[in-house]
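Here the structure is laid out as structure tokens; the discussion comes afterwards.
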Amino acid sequence: MNKQLIDARGKRTQTDVAIAIGISVKHLSKLERNQRNPSLKTAWKLANFYGKSMEELFSDILEEVEDDEL
């Protein structure tokens, strides 16, 4: 689970968020369950919508990238 992403959504429904940023509910659900990684564009849209940084929402992905670069 991507706790940061779920916490950022708060009381909004997945449907409301998905419509607002232009993705499917299924895609948002998979992002929240860490079954998919977002594109840079989707990560930016989510961060912008929630008023958070991409690093705050997707720190686990960034850690994976940094580990792979070592």
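Read-outs throughout are calculated quantities, based only on the coordinates presented, and are distinct from any laboratory measurement. Just so it is clear, the model here is predicted, and its values are computed rather than measured. Backbone-built Cβ (ideal geometry, glycine too); neighbour counts: all protein chains shown.
Entry remark, the range 20-41: residues being surrounded by 13 or more Cβ atoms within 10 Å (Cβ to Cβ) and farther than 16 Å from D60 by Cα number 6 in total. Which of the residues belonging to the range 13-46 are within 14 Å of K3 (Cα to Cα) and free of Cβ contacts under 8 Å to residues at least 12 places away in the same chain? Correct list: K30, Q35.
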